Amino acid sequence: TLLDVAERHRLGFERVARLNPDLDAWIPPVGARVRLPTWHVLPDAPHEGLVVNLPELQLYDYGGDRENPQILALAIGDELDPSLVGTFRVGRKRANPVWHVPASIRAERPELPAEIPPGPDNPLGPYWLTIGQTSYGVHGTNNRWSIGREATHGCLRLYNDVVEALYARTRTGTPIRILYQPVKLGLRDGIVYVEAHPDRYRRDPERLERTRAVLVEWGLDDEASLALLERTLEAARGEPVAIGVLPDAPEPSPAPSATSRPTS
């Protein structure tokens, strides 16, 4: 299934599924070619620390390289239990965390005990990084199939091996910016790219008008570019789409490879 493909490549399930709309996610035909979402426009935020963009279900770790961050697939909260948005710092870190089950979750599932010790039944996985001074965190999981989906009560969930590496290289106090950017604009060699994702929490109803205004300001006001913008936002497949070339831009270099990332 596309769940297996996403997990094997440490990508998010929904992003893989959205990029392959003609494939049955559960019974893809033998020999089918699956496109992987490995090319990105960087979020509009400082290139430092950890940057999360909720609509795309991804975390950007700039700790090692400010121009080529490590990009990690996430599970986030759903619309009823949305993840936080704001600027924080990594707070307390815990290995083998005990899950103190919140009262709200026990009200939904009264069979749960007050706390669950470390182990295979613990939904926090092997590592936890607190988001600021809140009760939310970046953590692992006992359900790897949930990564790349809206599947938490507001926390940010990673594959266990991925959170282990993040835990080891991330210091307490590291900035963590959690954004809500369904649409990202990128520029490379004079070519303007648009990357669109679903408006998961329905917080950005004016995204088309706002993005159109930016393109017009940049001089991309031709009918073809604006029509392509509208189709890209409607499809929201999460891949960078070349919308047009900036006026007076130099001759573009050869097309970037599938693993390169246009900068924002």
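The values are calculated or read from the model by the stated rules, or taken from the named source; none is laboratory data. What you see is a predicted model, and the numbers here were worked out from it, not measured in a lab. Note: ideal-geometry Cβ built from the backbone for every residue, glycine included; neighbour counts use all protein chains shown. These accessible areas exclude ligands, DNA and RNA; they are computed on the full protein's heavy atoms, side chains included. Shrake-Rupley method; radii C 1.70, N 1.55, O 1.52, S 1.80 Å.
A few remarks follow.
- Loop-located chymotrypsin sites (Phe, Trp or Tyr not before Pro) in segment 12-98 (DSSP state other than H, G, I, E, B) with a sparse environment of at most 13 neighbouring Cβ atoms within 10 Å: TRP26.
- Heavy-atom accessible area per residue - segment 1-52, 1.4 Å, Å²: 51 Å²
- Sparse-neighbourhood loop sites, GluC sites (Glu not before Pro) in segment 82-164 - DSSP loop, at most 15 other Cβ within 10 angstrom: GLU111
- In the chain, the calculated helix contribution to ellipticity at 222 nm averages -6000 deg cm²/dmol per residue, counting -39,500 (n - 2.57) for every DSSP H run with n ≥ 4.
- Here's the picture: a label point sits 7 Å out from the Cα of ASN160 along the beta-carbon direction, and within segment 68-105 the residues with their amide nitrogen under 17 Å of it are 75, 94-99.
- Exposed trypsin sites (Lys or Arg not before Pro) absent - longest run of the chain, DSSP non-H/G/I/E/B, at most 15 other C-beta within 10 Å: 67-170
- Accessible-area composition of the chain, carbon plus sulfur, in percent [1.4 Å probe]: 50 percent
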